[in-house]
């Protein structure tokens with residue numbers, strides 16, 4: 001009987017299998033169905049959420065997994081016999097990634113009705129204030145950039161001075177943190193932006209939430225240039 005080979009992603013993922021656990025036990029620990037292995041062997045298309053759960057249970061992360069796959073050295077021959085300890089082997093290497101540009105950002109006062117106290121930022125896309133190490137998860141996202149938090153309007157989610165990674169290409173859904181570029185009535189090298197949590201996105205506009213002070217407000221679609229995903233803090 002001919003045995004079909006495993007999908008590459010299955011073999012790559014098995015390098016992260018916790019030592020002493022069977023694949024099924026690993027799935028139970030991660031809170032995913034044990035059928036995930038059969039599906040992955042055949043189709044090689046696990047969801048991002050499933051991968052995140054499995055890797056978290058193994059003490060790793062999706063960023064590390066993607067970095068090792070990008071390096072072209074993640075797939076091994078011994079499949080399910082490999083363990084987490086194998087990740088320290090020198091032969092795995094580290095992918096050389098281009099730096100991530102940090103775009104200049106400044107506080108720009110308030111946006112909307114004064115009683116709402118919605119803070120506004122402005123970016124100067126032509127000014128790069130630094131080049132930061134690029135996370136492996138952004139290896140193939142050439143449009144990604146970094147920006148500093150300049151106020152405490154999103155505290156405690158983002159504290160002032162922290163550096164955020166932003167991706168214009170990443171899809172956004174309700175619950176994501178976003179950077180919304182706004183149209184400006186005055187031509188300028190600066191771009192007005194809102195960094196908030198997205199509560200809802202419809203054809204008519206977007207509903208955003210600011211944490212400090214806690215207020216939810218709407219931005220009409222006609223006022224929006226783009227909505228870009230804030231992937232999280234870098235530093």
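Quick notes on this structure:
- Selection within region 189-235 - in a loop (DSSP other than H, G, I, E, B) and either surrounded by 19 or more Cβ atoms within 10 Å (Cβ to Cβ) or free of Cβ contacts under 8 Å to residues at least 24 places away in the same chain (or both): 203, 204
- Test: residue 172 is exposed (fewer than 14 other Cβ atoms within 10 Å of the Cβ) and outside any strand (DSSP E or B): no
- Considering region 176-185, the residues that are over 13 Å from the mean Cα position of the chain (by Cα) and outside any strand (DSSP E or B) include one that is modelled with the highest pLDDT, namely 183.
- Filtering region 30-62 to residues that are surrounded by 15 or more Cβ atoms within 10 Å (Cβ to Cβ), in contact (Cβ under 8 Å) with a residue 24 or more places away in the chain and part of a helix (DSSP H, G or I) leaves 30, 37, 40, 41, 51, 54, 55, 57, 62.
- Here residue 19 meets the list (1) farther than 20 Å from residue 139 by Cα; (2) loosely packed, with under 14 Cβ neighbours inside 10 Å; (3) at pLDDT 85 or above almost entirely, failing just condition (3).
- None of 143, 137 is touching a helix residue (DSSP H, G or I) at 6+ places or on another chain (Cβ under 8 Å) and not in a strand (DSSP E or B) except 137.
- Looking at 153, 143, 137, 126, just one residue is more than 18 Å from the chain's Cα centre (by Cα) and farther than 21 Å from residue 209 by Cβ, and that residue is 126.
- Qualifying residue in region 68-81 (condition: within 22 Å of the chain's Cα centre (by Cα) and at pLDDT 80 or above): no
- When we screen 160, 101 for residues that are at pLDDT 90 or above and under 19 Å from residue 226 (Cβ atoms), the only hit is 101.
- Failed condition for residue 51, given (1) at pLDDT 85 or above; (2) over 28 Å from residue 98 (Cα atoms): (2)
- Candidates 164, 106, 110, filtered to the one that is closer than 15 Å to residue 196 by Cβ and over 21 Å from the mean Cα position of the chain (by Cα): 110
The values are calculated or read from the model by the stated rules, or taken from the named source; none is laboratory data. Everything quoted here is computed from the prediction, not taken from an experiment. Don't worry about glycine lacking a Cβ; one is built from the backbone with ideal geometry, like all the others, and counts go over all protein chains shown.
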